[in-house]
1. Are there any pairs, at least 6 apart or on different chains, whose C-beta atoms fall under 9 Å, with the first in segment 179-193 and touching a residue at least 24 places away in the same chain (Cβ under 8 Å) and the second assigned to a helix (DSSP H, G or I), and if so, which?
2. If we keep just the residues of segment 150-162 that are open to solvent by less than 30 Å² (accessible area, probe 1.4 Å) and over 12 Å from the mean Cα position of the chain (by Cα), which is farthest from Thr82 (Cα to Cα)?
3. In this structure, does Val139 turn out to be within 26 Å of Ala192 (Cβ to Cβ) and either over 19 Å from the mean Cα position of the chain (by Cα) or assigned to a helix (DSSP H, G or I) (or both)?
4. Before we move on, is Gly194 of a type in the set (Gly, Ala, Ser) and surrounded by 22 or more Cβ atoms within 10 Å (Cβ to Cβ)?
5. In segment 198-215, what residues are surrounded by fewer than 23 Cβ atoms within 10 Å (Cβ to Cβ), more than 21 Å from the chain's Cα centre (by Cα) and either closer than 19 Å to Val69 by Cβ or among the charged types (D, E, K, R) (or both)?
6. Check segment 163-180 and report whether any residue there is open to solvent by 20 Å² or more (accessible area, probe 1.4 Å) and part of a loop (DSSP other than H, G, I, E, B).
7. For segment 111-144, which residues satisfy the criterion of being under 20 Å from Glu178 (Cβ atoms) and open to solvent by 20 Å² or more (accessible area, probe 1.4 Å)?
Amino acid sequence: MTTAAPERPERGAAGRRLTLGRGSLIAAALLAIAIAATTTYRSESEAGAGGKPGFDPAAYAARTYGPKVVPAIRKNAVDITTLHEAMADGMEAAGKRHGHRAGTGPYSYAVTLTGTAGPARGGLMEVTVPGLADARVSVQVGPALNGTALRDAVGFITFGQFVNQVDYADAATALNAEVKATVLKKFDAAAAEGEQVEVTGAMTPLTADVLTVTPISIESTS
């Protein structure tokens, strides 16, 4: 009598699928470990190719406002009455002679003025300047400072120096913040009302009869 050998269970498709499934899981796990080991995580201050730091407006203003912007405004400042006369004769001619602009936008100017400080309302201090009865002259005194006059009046800050429009705009905002921190922090607009003041700053007028100055200095002389 011949005894048949015990049959071995065949490894069917299910067995092969189990083996392949286990191998796939191991391979996936190894791949995940490899990716994690070679991935570089960037902080929010890093952007762009090569992990270069993103634009820091505050740092830009700190190295640009005092060392570069203030001297340029002081050096190129035109008396506001002289500038007003030139603008009355023609905005374009006045801009080409005394101002700076990017593209086809309005011209920006470095100016100086002396006059009597009026009340401060809505962030603007009115100044009565002799010889400018036909123009409304105001100085920005905060708390909010608007516009890009400081950036644009100096002539050496251009859009091409920045990665994008956002950084270009942030540079102007940061320069205004420097004015608040270094000039307006120690200026009392309410106390200055009625006093003689000397102002140096920048402006970007759209017309000759509304002149709004962003100051780099305000001094009471009376």
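1. These pairs meet every condition: Val179/Tyr65; Val179/Leu150; Thr182/Tyr65; Thr182/Gly66; Thr182/Val70.
2. Of all residues in segment 150-162, those open to solvent by less than 30 Å² (accessible area, probe 1.4 Å) come to 150-151, 153-154, 157, 162.
Those still in the list that are over 12 Å from the mean Cα position of the chain (by Cα) too: 153-154.
On the way: Ala153: 17, Val154: 19 Å.
Going through the qualifying residues, I end up with Val154.
3. Here the answer is yes, as Val139 does meet what is asked.
4. Values: of a type in the set (Gly, Ala, Ser): yes; surrounded by 22 or more Cβ atoms within 10 Å (Cβ to Cβ): no.
Against the criterion (of a type in the set (Gly, Ala, Ser) and surrounded by 22 or more Cβ atoms within 10 Å (Cβ to Cβ)), Gly194 does not qualify.
5. Glu198, Thr200, Asp209
6. yes
7. Thr112, Leu124, Val141, Pro143, Ala144
Condition check ((1) farther than 22 Å from Gly160 by Cα; (2) modelled with pLDDT of 50 or more; (3) surrounded by 10 or more Cβ atoms within 10 Å (Cβ to Cβ)) across all residues:
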| position | (1), (2), (3) |
| --- | --- |
| Ile35 | yes, no, no |
| Gly50 | no, yes, no |
| Ala62 | no, yes, yes |
| Asn76 | yes, yes, yes |
| Glu85 | yes, yes, yes |
| Ala88 | yes, yes, yes |
| Gly99 | no, yes, yes |
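The values are calculated or read from the model by the stated rules, or taken from the named source; none is laboratory data. Note that the coordinates shown come from a computational prediction; the quantities given were computed from them, not determined experimentally. Methodologically, a virtual Cβ is constructed for each residue, glycine included, from the backbone with ideal geometry; neighbour enumeration extends over all protein chains shown. These area figures cover heavy atoms from the full protein model, side chains too; ligands, DNA and RNA do not enter into them. Shrake-Rupley method; radii C 1.70, N 1.55, O 1.52, S 1.80 Å.
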